[in-house]
2 protein chains.
Amino acid sequence: MAKEAKDSGRKERDKSGWQAQKSAMMRDTILDAALDCFVTIGYANTTTARIAERAGVSRGAMLHHFPSKSELMQAAVEYLHQKLVGLYASHIEKVPLDLPVDERNRAGLEGYWTYLRSDLYVAYHELCVAGRTDPELQDILEDSIARFDEAIVESNRRLFPEWSERGELYELAMDITKFLMEGMAVSQIVSQREKRVNRMIDYLGDRLEEIFHEGDEVGAAIHRHSLRK
Amino acid sequence: MAKEAKDSGRKERDKSGWQAQKSAMMRDTILDAALDCFVTIGYANTTTARIAERAGVSRGAMLHHFPSKSELMQAAVEYLHQKLVGLYASHIEKVPLDLPVDERNRAGLEGYWTYLRSDLYVAYHELCVAGRTDPELQDILEDSIARFDEAIVESNRRLFPEWSERGELYELAMDITKFLMEGMAVSQIVSQREKRVNRMIDYLGDRLEEIFHEGDEVGAAIHRHSLRK
DNA sequence: AAAAAAACAAACAGGACTGATTGTATTTTC
DNA sequence: GAAAATACAATCAGTCCTGTTTGTTTTTTT
């Protein structure tokens, strides 16, 4: 209240000065360090002191930018979210739109797999698991996850326009892709087993093709396998 | 050395006395409390004080049984392993062996899903994620995981004897089941979304049936879909 | 150039955690 | 029943963590 009244009486701070630039750089440095810590030592072992050390700044300086650990974590989640969206998009954008469907499916799966094998995804998973028992973190993540899912839907709409009218088949295909590949990725996080990945991606690509072509048939055949009650 | 020489000169402690019974009960009480903590507050937030409180014993008493947190965690992992094996077996044993294959597949999947939806699995996943950044814990878990996988293989051999000669098709079926359902379970851990589970289990059951029947064909057809290079 | 604001660093304070230690109670052995 | 072993409880000590406070430096505004 009193503070806001005070602020209204002065010019807004110039955002183009060296201080402002330095502040923005500092902020990113700290947040990058936070994500690094999630990946290398785990979310559970991430302390403000460790982040400051990794960022190469003092804890006092960092506390100026993020007055509490909670605020720092919140900013880190948002920062991670932006990076994840960017990372996913960068892999998906590499897929040429003029490929035939089955090759495009396969390329999309490989892009998704590369995304799932990233450090950023590891950090994300660390946060998700921690959020199970931390309501505050969970709230932040839910918002981020919802926005990320929307971004995925948007990317897929562009990359796979032929699926746009497949309704429940599309949902099934998305589910099986998501669960199967994320299950595989989490399994890789837990213990590195590179074997079998290509076989699984091949298999999934074929299944997606089948599911898609089920939409070419009209009538009882739609319910033959995939949508059995 | 010197201690062992000393011990060899006296009778072994009677294991049937009240003290021995109480000690075993105490041990299980502590370990149950530890698993409870993993589930309710997460592995990361589990402290010796919290376990002792949950077990209803003093920290001093607990320290007698487990002289360090490390030993307690090690014992908890082993205890969890035993419980997991027992839980999985209990669900799988309920499946009547005289069911037709497709129904037995479906029943096995539902048993596996029930297992994956258990608190024990949640605890297991907490440990797996924590083990990523804790080499000591990871070592313990690797041993446990390997033994658990063997137990699964043994159970499946009994429940699905008709798969015993399907070689790589069997491996594929096991992989897709594992990754898909664990991916789904982990997704449920992270955010509770009960929808779509039955659809996915239906779909997986059908795929397993297909994969199995690919073994009925000899020649190029084996490589038509699933095992494409 | 002085004043104000922002940024940075260092130290303080209280709480939490683990392992070590000391003391007490219970059970078993002789 | 006394001694020994086991079990249990309470306290101590050192370390780490987070938030608060104080002091210094840098940048911007006046």
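Every number here is computed from the coordinates shown, using simple stated rules; none is lab data. Source: prediction; values computed, not measured. Here Cβ is always computed from backbone atoms with ideal geometry, including for glycine, and neighbour counts include all displayed protein chains.
Listed by chain and number, the aspartates and glutamates whose C-alpha is less than 14 Å from the C-alpha of residue A:22, apart from same-chain residues fewer than 8 away, are A:14. The mean number of Cβ atoms from other chains found within 10 Å of a Cβ in peptide B:124-134 is 6, as a whole number.
Within 10 Å of the Cβ of each residue in A:181-189, the mean number of Cβ atoms contributed by other protein chains is 6.
Could you tell me the distance between the Cα centroids of the range A:123-162 and the range A:105-122, to the nearest Å? Taking the Cα centre of the range A:105-122 as reference, the centre of the range A:123-162 is 15 Å away. Of the residues B:29, B:57, B:45, the one whose Cα sits farthest towards the positive end of the charge dipole of the range B:17-67 is B:57 (charges of +1 on Lys and Arg Cβ, -1 on Asp and Glu Cβ, taken about the Cα centre). What list of whole percents do you get for P(r) of the range A:16-67, with Cα-Cα distances grouped in 10 Å bins up to the one holding the largest distance? Each 10 Å bin holds this share of Cα pairs: 27, 52, 17, 4.
Averaged across A:30-42, how many Cβ atoms of other chains sit within 10 Å of each residue's Cβ atom? Write down the numbers at each step before the final one.
Values: counts 0, 0, 0, 0, 0, 0, 0, 0, 1, 2, 1, 3, 7.
Mean partner shielding for this stretch: 1.
Computed from backbone phi with θ = phi - 60° and the Karplus coefficients 6.51, -1.76 and 1.60, the 3J(HN,Hα) list for the range B:52-69 is 4, 4, 5, 7, x, 10, 7, 5, x, 4, 5, 5, 5, 7, 10, x, 8, 4 Hz; x is used for glycine and proline. Packing order of peptides A:134-145, A:37-48, highest average first: A:37-48, A:134-145 (average count of other Cβ atoms within 10 Å over each peptide's residues). From the largest down, the range B:69-229 spans 56, 31, 30 angstrom on the principal axes of its Cα atoms. The phi-based Karplus calculation (6.51 cos²θ - 1.76 cosθ + 1.60; θ = phi - 60°) puts the 3J(HN,Hα) values of the range A:33-42 at 5, 4, 4, 4, 5, 4, 6, 8, 10, x Hz, whole numbers, x for Gly and Pro. Each Lys or Arg adds one and each Asp or Glu subtracts one; over the other residues with Cβ under 11 Å from the Cβ of residue B:29, this totals 0.
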